[in-house]
């Protein structure tokens, strides 16, 4: 019963994030993308270790202007997906940086091979690929659709691509502040 309640709570939270980010941003405050990413990884360290994953982070300064809660949700969803859709003993690479175009967040994970034709489906709400892609079958199929909506609200570009060796490469490019 507690597990069902927690899943329902997570679903409601995800739906609220999706709805609020679709309305656009009310204000744009400075947000340290590297610090937000570091916190997200630290909060999931136990799960990363319990799944035997190696997580490497190269978090260089990356300041963005936007809604901190939504950016935290975007980062959390990407890190959660990299953990959930990985193989035991797999790898996660996370990086933040500043380029002339703006701030960049990159999250890559090992995992099952995904056909390029399937990538578009990952951004549709409640859309999930084959069950063998997930370890544990958790999730609601909202992770990347929320990421996409939050990225759009921040005028950021989202690129999702399969890795030849399996897993995904996700890059969010925020415009210069």
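Overview of results
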quantity	calculated
Restricting the range 57-82 to residues that are loosely packed, with under 13 Cβ neighbours inside 10 Å and touching a helix residue (DSSP H, G or I) at 6+ places or on another chain (Cβ under 8 Å), the residue that is modelled with the lowest pLDDT	61
Boolean, residue 96 is over 20 Å from residue 26 (Cα atoms) and part of a strand (DSSP E or B)	yes
Residues of the range 141-165 classified as over 13 Å from the mean Cα position of the chain (by Cα) and either over 19 Å from residue 90 (Cα atoms) or surrounded by 17 or more Cβ atoms within 10 Å (Cβ to Cβ) (or both), total	7
Only one of 82, 34, 43 that is closer than 25 Å to residue 167 by Cα and without any contact (Cβ under 8 Å) to a residue 40 or more places away in the chain	43
Tally of residues being modelled with pLDDT under 60 and farther than 22 Å from residue 177 by Cα across the range 7-56	8
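The values are calculated or read from the model by the stated rules, or taken from the named source; none is laboratory data. From a predicted model like this one, the values you see are computed outputs, not experimental measurements. All Cβ positions, glycine included, derive from the backbone under ideal geometry; neighbour counts span all protein chains shown.
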